[in-house]
Structures are given as structure tokens and as C-alpha cells.
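Q: For reference, the structure I am asking about is given below.
Bear in mind that the values in this text are calculations on the coordinates, not laboratory data. Please read all numbers here as calculations on a predicted model, not as lab measurements. As a convention, Cβ positions derive from the backbone with ideal geometry for all residues, glycine included, and neighbour counts pool all protein chains shown.
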Amino acid sequence: MLLEVKDLSVHYGVIQALKGVSLQVEEGEIVSLIGANGAGKTTLLQTISGLLKKSGGDILFMGKSLNKANAKHIVKAGITQVPEGRHIFPEMSVYENLLMGAYLRKDKDGIKKDLEMVYQRFPRLKDRLSQDASTLSGGEQQMLAMGRALMARPKILLLDEPSMGLAPILVKEIFSIIKDINAQGTTILLVEQNAKMALSIADRAYVMETGNIVMCGSGEELAHSEEIQKAYLGG
Ligand code: ATP
């Protein structure tokens with residue numbers, strides 16, 4: 001098992017946002033997490049990344065507890081998050097943003113190679129390397145955020161709402177890129193409002209409601225479930 005979340009609880013003051021969440025991600029999988037606004041999906045990703053403190057439970061990565069790891073250790077261990085809303089550095093160039101993704105690395109040759117890999121995957125970024133990131137379109141900013149995350153050479157990529165605010169054609173493109181990234185060996189944990197797309201690319205998926213996991217299954221099983229169709233697929 002690559003990532004194992006066990007009985008995880010997280011509080012914001014007196015509000016309990018995660019109420020004993022357990023999930024697993026195996027190496028090589030795409031696992032999607034769907035659920036309504038406020039279900040706790042972002043909270044879960046932020047806690048895995050070490051940006052929020054848990055109040056109970058455990059997170060294991062490659063069999064080891066992340067209990068004592070801070071956000072930096074967690075990136076070094078191989079977990080990188082692409083946050084909701086992208087959070088690129090607007091006043092830096094595209095190139096500088098990409099390099100920021102590698103700031104914990106010292107292997108210059110590896111960084112160079114990975115830059116080439118990112119240019120290949122996102123040719124649109126390559127054409128805009130010296131442009132201020134703030135001037136990119138929404139879709140390009142999402143690509144930049146993903147490219148920057150790949151520069152950390154993660155074993156698992158945590159994607160929070162990558163399709164948010166994008167036109168349908170770009171949503172398709174982003175999902176196809178996610179599939180490619182996975183096919184080349186990076187495991188994916190994907191949080192998405194677009195349940196249809198998220199289930200269509202998922203090996204397995206979890207459904208969250210008000211701080212709990214309420215269902216899990218293969219992407220296909222969940223896409224065909226009557227309950228899921230009613231609640232999340234408008235069917
Ligand atoms: P969305 O799809 O809207 O982003 P989500 O499933 O990601 O929703 P979270 O953002 O994780 O949900 O929020 C889970 C719960 O925790 C919500 O009830 C939210 O109001 C609450 N919450 C999130 N951040 C904070 C915060 N900083 N302080 C207090 N409560 C918070």
C-alpha cells in the first residue's frame with residue numbers, strides 16, 4: 001500500500017471536519033474522492049500534505065507513519081499536492097514557477113530532465129516560459145500548477161479540483177493529462193466536483209459526506225450506482 005489513511009479526525013476549533021476517515025491508495029492507482037461542498041475533501045488532502053494537524057488517527061506512506069513529518073518532509077517523501085485554486089506565484093515567470101516545484105531537490109541533472117519532461121507534457125507552458133504566470137489563462141494556470149508539482153518528482157500527486165472553472169474542452173484535456181501522468185508511473189489521489197469525469201478515470205473511488213466516507217468501490221461500480229447517479233450525476 002502506498003498511502004493509508006486510518007481513522008483520521010481533524011477539527012477546526014470545535015468543528016469536526018473529518019470524523020474518522022479511512023482510505024487506501026495502492027501504487028499505480030487513480031483514486032477519486034467525490035462529495036458535496038463542505039464534505040471534508042480539501043481538509044483530507046491538506047492533512048495528508050501536513051498543512052493541517054490531525055486530532056486523531058494516522059497516515060502511513062509506504063508503510064511509515066507521517067506522525068512526526070512536517071510539510072517539507074512529506075514533499076521529500078514523495079507526496080505533492082496541487083491545491084484548489086492553483087496558487088501559482090503570479091508575479092514570477094512560468095519558468096520560475098516550475099523551478100519552485102523543485103526547490104527541495106539538489107540533483108541538477110534530474111531537475112533539467114524533469115523540466116524537459118514537463119515541457120513535453122505541457123507544450124503550452126514551454127511556449128510561455130518567460131511570461132508572468134498571472135497572465136496565463138485558467139487552463140494554463142492549472143497546467144502550470146501540475147507541472148510545478150511534477151517538478152518535485154512525486155510518487156503520489158494529490159489533485160484538488162483540477163477542473164474547477166475550466167471550459168468543458170479544457171476539462172477533457174486536463175483529465176487526459178492526469179491519465180497520462182498516471183500511465184507514466186505517478187499514483188493519483190483526485191478530489192473533484194465533476195463526479196462524472198472523476199469516476200470515469202478512477203480505478204477506485206470514495207464518496208465523502210460531512211466528514212465521513214460513506215461509499216467506496218471501483219469507478220465503474222460507483223458510476224452505475226443508483227444512489228450516486230441521483231446524488232452526484234444528475235441522473
Ligand atoms: P469544497 O468542495 O467546497 O471545497 P470540501 O469537501 O473540500 O468542500 P472542506 O473544505 O474540507 O470541504 O471543509 C470541510 C468542513 O470544514 C466544512 O464544514 C468547512 O466549513 C469546514 N472548514 C474548512 N476550513 C475551515 C477553517 N479554516 N475554519 C473552520 N472551518 C473550516
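Q: Among 216-225, 34-43, what's the highest-first ranking by average C-beta atoms within 10 angstrom per residue?
A: Descending packing order for the listed peptides: 34-43, 216-225.
Q: Send over the Kirkwood Rh of the stretch 10-92, from the inverse of the averaged 1/r over different Cα pairs, rounded to one decimal Å.
A: 14.2 Å
Q: Right, next: Convex hull over the Cα atoms of the stretch 20-66, averaged projected area in nm²?
A: Computed as one quarter of the Cα hull surface, the answer is 3.8 nm².
Q: Right, another one. With only alpha-carbon pairs counted, each pair once and no self-pairs, how large is the Kirkwood hydrodynamic radius of the stretch 42-144 in angstroms?
A: Answer for the stretch 42-144: a Kirkwood hydrodynamic radius of 15.3 Å.
Q: While we're here: What percent of all Cα-Cα pairs in the chain falls in each 10 Å bin, counting up from 0?
A: Per 10 Å bin, starting at zero, the Cα-Cα P(r) for the chain comes out as 8, 33, 37, 19, 3, 0 percent.
Q: Okay, next question. Can you compute the charge dipole magnitude of the stretch 61-108 about its Cα centre, using +1 on each Lys and Arg Cβ and -1 on each Asp and Glu Cβ, nothing else charged? Give it in debye, rounded to the nearest 20.
A: 380 debye
Q: What's the magnitude of the charge dipole for the stretch 193-235 around its Cα centre, counting Lys and Arg as +1 and Asp and Glu as -1 at the beta-carbon? Answer in Debye, nearest 20.
A: For the stretch 193-235, the charge dipole is close to 120 debye.
Q: A further question on this structure: Taking each pair of different alpha-carbon atoms in the stretch 97-235 once, compute 1/r for the pair, average those values, and report the inverse of that mean as the Kirkwood hydrodynamic radius in Å to one decimal.
A: 16.3 Å
Q: Direction-averaged shadow area of the convex hull around the Cα atoms of the stretch 173-215, nm²?
A: About 3.3 nm², averaged over all directions.
Q: Report, in debye and to the nearest 20, how large the dipole of the stretch 1-122 comes out about its Cα centre when Lys and Arg carry +1 and Asp and Glu carry -1 on their Cβ.
A: The calculation lands at about 360 debye.
Q: Also, quick follow-up: Calculate how many DSSP beta bridges within the chain are antiparallel, expressed in % of all such bridges and rounded to the nearest 5.
A: 55 percent
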